[in-house]
1. Calculate the dipole size of the range 18-89 relative to its Cα centre from +1 charges on Lys and Arg beta carbons and -1 charges on Asp and Glu beta carbons; express the result in debye to the nearest 20.
2. Under 8 Å for C-alpha pairs, at least 6 residues apart: give me the relative contact order for the range 50-92, rounded to a whole percent.
3. Per residue of the range 28-38, what does 6.51 cos²θ - 1.76 cosθ + 1.60 with θ = phi - 60° give for ³J(HN,Hα)? Whole Hz please, x for Gly and Pro, Karplus curve as stated.
4. So who's got an amide H within less than 5 Å of the one on Thr17, skipping anything under 5 residues away but keeping other chains? H placed 1.01 Å off N, in plane.
5. At what distance in nm do the modelled label points of Glu79 and Ala31 sit from each other, each positioned 7 Å from its Cα along Cα→Cβ?
6. Separation between the Leu43 and Arg68 pseudo-spin-labels, each 7 Å from Cα along Cα→Cβ, expressed in nm?
7. Karplus couplings for the range 70-81 from phi (6.51 cos²θ - 1.76 cosθ + 1.60, θ = phi - 60°), rounded to Hz, Gly and Pro as x?
8. Search the structure for amide H atoms under 5 Å from the amide H of Leu89, placed 1.01 Å from N in the peptide plane, and list their residues when 5 or more places away or on another chain.
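No value in this document is a laboratory result; all are computed from the given coordinates. What you see is a predicted model; the values in this text were computed from it and never measured. Please note: Cβ atoms are built from the backbone with ideal geometry, for glycine as well, and neighbour counts cover all protein chains shown.
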Amino acid sequence: MRMRRRARKCFHSCERTLSDLAPGKRGRICAIRANGPIRRRLLEMGVVPGEDVTMERCAPMGDPIEIRIRNCYLSLRREEADTVEIQPLEKE
């Protein structure tokens with residue numbers, strides 16, 4: 001039987017997006033503003049509110065970006081990353 005983790009809630013304002021993170025910085029996903037197939041795709045890949053995410057690196061021209069979430073590496077277009085609101089995390 002697989003145990004489900006309980007999502008951590010964001011109680012702070014989420015004024016930054018995933019594309020605003022600098023490489024090596026961490027954040028917690030607060031909301032996803034995308035609609036339709038892009039929203040469904042992000043949710044299927046594990047980009048869900050309450051999850052911690054780390055910005056790994058950016059391509060030389062800034063698009064795409066690589067993030068790490070749940071020990072998986074994902075590459076997202078910058079326009080997709082702009083739809084994911086985050087709360088930046090301090091070093092824990």
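1. On the way: 12 positive and 11 negative charges, 26 e Å.
About 120 debye.
2. Working: 47 pairs, mean separation 11.5, N = 43.
After rounding, I find 27 percent.
3. Whole-Hz 3J(HN,Hα) from phi for the range 28-38: 10, 6, 9, 7, 10, 8, 5, 10, x, x, 5.
4. Amide H neighbours of Thr17, under 5 Å, 5+ apart: Ile86.
5. Roughly 2.2 nm, to one decimal.
6. Result: 2.8 nm between the two label points.
7. Values, residue by residue: 6, 6, 10, 9, 10, 10, 10, 5, 4, 5, 6, 5 Hz.
8. Arg26, Gly27, Arg28
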